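The values are calculated or read from the model by the stated rules, or taken from the named source; none is laboratory data. Not measured: the values here are computed from a predicted model. Note: ideal-geometry Cβ built from the backbone for every residue, glycine included; neighbour counts use all protein chains shown.
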Amino acid sequence: MKYMAVLLAAVGLQLAVSGASLASERMDDGLKAYKASCADCHDNGEDGAPRTHEPQDWVNRSPLWDAIVLEHANKGYLTMPAKGGKPDMSNYDVDVAAEYMLNIAHPDLPRD
């Protein structure tokens, strides 16, 4: 019985480490995708784009953060073209870039 408890604890620890590793990998991928497709507008606020590193630019945005941002990133919104104007951008890259932006702009907000 003690062996089983130790084994379960070890498995739990491995899962926790793996989850943190995956989250870190998604943030790394998100940064790369952001730099490639989003930074040109979202770093300087071009055409009214909310600046990623300026939380006040996001104040009046929808409280449905993830869902709305992902939809806008994929389909476009106002002057922002779908996929940042990069039609070949993969859905994964769109998702991780949007997650990166949300985590940078509002790290304390809960995710959808």
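Structural remarks
- Total residues in the range 82-103, condition free of Cβ contacts under 8 Å to residues at least 60 places away in the same chain and more than 15 Å from SER37 (Cβ to Cβ): 1
- Of the candidates ALA36, ALA97, ALA23, ALA67, the single residue that is buried (at least 16 other Cβ atoms within 10 Å of the Cβ), of a type outside the set (Asp, Glu) and at pLDDT 75 or above is ALA97.
- Residues of the range 33-67 satisfying the condition of being within 13 Å of GLU99 (Cβ to Cβ) and without any contact (Cβ under 8 Å) to a residue 60 or more places away in the chain: THR52, TRP65, ASP66, ALA67
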